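Read the structure below first, then the notes.
The values are calculated or read from the model by the stated rules, or taken from the named source; none is laboratory data. Computed from a predicted structure; not experimentally measured. As a convention, Cβ positions derive from the backbone with ideal geometry for all residues, glycine included, and neighbour counts pool all protein chains shown. Side chains are part of the model used for accessible areas, which takes the heavy atoms of the whole protein and leaves out ligands, DNA and RNA. Shrake-Rupley method; radii C 1.70, N 1.55, O 1.52, S 1.80 Å.
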Amino acid sequence: MSNSTLKTYYIITYGCQMNEHDSENLAGMLENNGWIPAENEEEAQLIIMNTCSVRENADNRFYGTLGQFKKRKTEDPDFILCVTGCMPQQEKVQREIREHFGWVDILFGTQTLREFPQLLEARLRTGKKQISILADNPVLPKEEGAKRMHKHKAFVNITYGCNNFCTYCIVPYTRGREKSRSLESVVQEVRELASEGVVEISLLGQNVNSFRDGEGNTFPDLLRALDGIPGIERIRFMTSNPKDLSEELIACFRDLSHLCRHIHLPVQSGSSRILKRMNRRYDRERYLDVVRRLREACPDIAITTDIIVGFPGETEEDFLETVSLVREVRYDAAFTFIYSPREGTPAATFPDQIPEDVKHDRLNRLNEAVNEGAYAHNKALEGLTLPVLVDGKSRRDDRFYQGRTDGFKLVNFKADRDYTGEIVPVHLTECKTFSLNGEVEA
């Protein structure tokens, strides 16, 4: 990169954990070249907007924020604005930015993330805009040099892209076809993380269950290899597609000592008819059978999920099937969404779109059912003492620290010292729908 005096950066991240980890990698690239993080957007001389295409509200927030930077660019020509993530992978977004947001300096995609240092150097050296969206020969990015958000836990990508082509989802079009890293490279990365003090890893992929490297190693093989790495106390992963959840993976929850007793298992709908329209490749009965087998192997497993309401063609009967499934499974938590058409996906062209008022009504009723189960699970934990990995001060009240149980329950507690990064026993004293309060046991 150039020896320019522009040396402070700030990254705005939208979307999922994979985007968060991409931002960690971008931060690492910048800091390896002499840049330092700014406290806020106003102090940054370079800003990267790492975008998400999954939900329409993320698109709207992105364009709103992008528009606000026009004045900044006018007042300070040396200010550098970069846009990356899933949105630039769409031709309509590229066109929109070129035509209406001319103050963007660097536009690059998920496939060209590793080109960012060269793109920035070229922008600083020539003063010209830089655009790189598609790689000529896409390869797996190198997982090294990331600026981790935490010292005690870390994201680890194991697959990139997706082959599932659910009819509502833009991801296969923005992140490309699925590729798996080698088991050996993941194990090596995790060993290095453990040597740096990381105690919890979260394995990431659009569908981690379908991990298979060039040697034929499967996802359960990878979990078993990671379970024995000294220093790693907790192993998490997301996201799992129910269609690929094998008996070998279920057995891992029974057999492995460091695999957290929590699984995020998106269902999306409780109606087999809607699941078929979504191209999910499982039905209601198969999903419930997977849940049954998981709980047989690991009775205390926490199960969370994703659910979409208002998918095209969803009838009231279809919706009530979703509510009944939620009440049958009794999820520990659920991310619930109103269906949002994504241009370029099959579902966006379906003729039987659902009115917005119907979607919102169904979302409210669904959330009531989800919250009943979440509260019941948390209530059952009152009075117990569970190990909690402490992440730091509570975001809402700095008098409290917060952390997660093995089952991913959020716990808030007061402490007489900083326990960040430690696993401590916390006596759970008060249940709430989305969290628990407790006290550190001496």
Using 7 Å Cα-to-Cβ label points, what is the Glu382/Glu96 separation (nm, one decimal)? 4.7
Assigning unit charges at the beta carbon (Lys, Arg +1; Asp, Glu -1) and nothing else, what dipole magnitude in debye, to the nearest 20, does the range 209-322 show about its Cα centre? 60
Answer label for volume of the Cα convex hull per residue in Å³ (calculated), chosen among (i) 154; (ii) 169; (iii) 132: (i)
Please arrange Glu41, Glu233 by accessible surface area, largest first, computed with a 1.4 Å probe and ligands excluded. Glu233, Glu41
FRET efficiency estimate (nearest 0.05) - Cβ-Cβ, Arg61 to Ile36, R0 30 angstrom: 0.70
Compute the distance in nm between two label points, each set 7 Å from the Cα along the Cα-to-Cβ direction, one at Ser257 and one at Arg286. 3.6
How high is the relative contact order of the chain, in percent, counting Cα pairs under 8 Å that sit 6 or more residues apart? 10
Farthest toward the dipole's positive end in the range 396-442, which of Leu436, Phe400, Gly421, given Cβ charges of +1 (Lys, Arg) and -1 (Asp, Glu) about the Cα centre? Leu436
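Multiply the residue gap between Arg293 and Arg273 by 0.36 nm, knock off their C-alpha separation, and tell me the result in nm, one decimal place.
Numbers: separation 20, 0.36 × 20 = 7.20 nm, distance 2.33 nm.
4.9 nm is the gain from fully extending Arg293 to Arg273.
According to the Kirkwood expression over distinct Cα-Cα pairs, how big is the hydrodynamic radius of the range 129-247, in Å? Write out the running numbers ahead of the final one.
Details: mean 1/r = 0.0650 Å⁻¹.
Evaluated on the range 129-247, it is 15.4 Å.
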Pull up all non-local amide H partners of Val388: gap of 5 or more, or a different chain, and H-to-H distance under 5 Å with H placed in the peptide plane. Val424, Val426
I'd like the accessible area for Val198: 1.4 Å probe, protein heavy atoms, all chains in place, Å² to the nearest 10. 10
In debye, nearest 20: dipole of the chain around its Cα centre with unit charges on the Cβ of K, R (+) and D, E (-)? 620
Tell me the Rg and the Dmax, in Å, that the Cα atoms of the range 45-125 produce. 12.3, 36
Over the Cα atoms of the range 309-407, each weighted equally, I'd like the Debye log10 I(q)/I(0) at q = 0.12 Å⁻¹, rounded to two decimals. -0.59
Can you work out the FRET efficiency for the pair Arg396 and Thr433, with r the C-beta to C-beta distance and R0 = 25 Å, to the nearest 0.05? 0.95
HN-Hα couplings for the range 390-406 via Karplus (6.51, -1.76, 1.60; θ = phi - 60°), in whole Hz with x for Gly/Pro, come out as 7, 8, x, 5, 4, 5, 9, 8, 6, 7, 10, 9, 9, x, 10, 7, 3
Of the accessible area of the range 268-338, with the probe set at 1.4 angstrom, what percent is carbon plus sulfur? 52
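Please tell me which of these pairs span more than 30 angstrom C-alpha to C-alpha: Lys92/Lys393; Lys71/Lys128; Lys147/Lys432; Lys92/Lys147; Lys379/Lys414; Lys129/Lys359? Before the final figure, lay out each step's value.
Numbers: Lys92/Lys393 41 Å; Lys71/Lys128 19 Å; Lys147/Lys432 34 Å; Lys92/Lys147 32 Å; Lys379/Lys414 20 Å; Lys129/Lys359 42 Å.
Listed pairs above 30 Å: Lys92/Lys393; Lys147/Lys432; Lys92/Lys147; Lys129/Lys359.
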One point scatterer per Cα, no solvent, Debye formula: log10 I(q)/I(0) for the range 221-269 at q = 0.23, 0.29, 0.30 Å⁻¹ comes out as -0.88, -1.25, -1.30
Given a Förster distance of 51 Å, the FRET efficiency implied by the Cβ-Cβ spacing of Ser195 and Asp352, rounded to the nearest 0.05, works out to 0.40
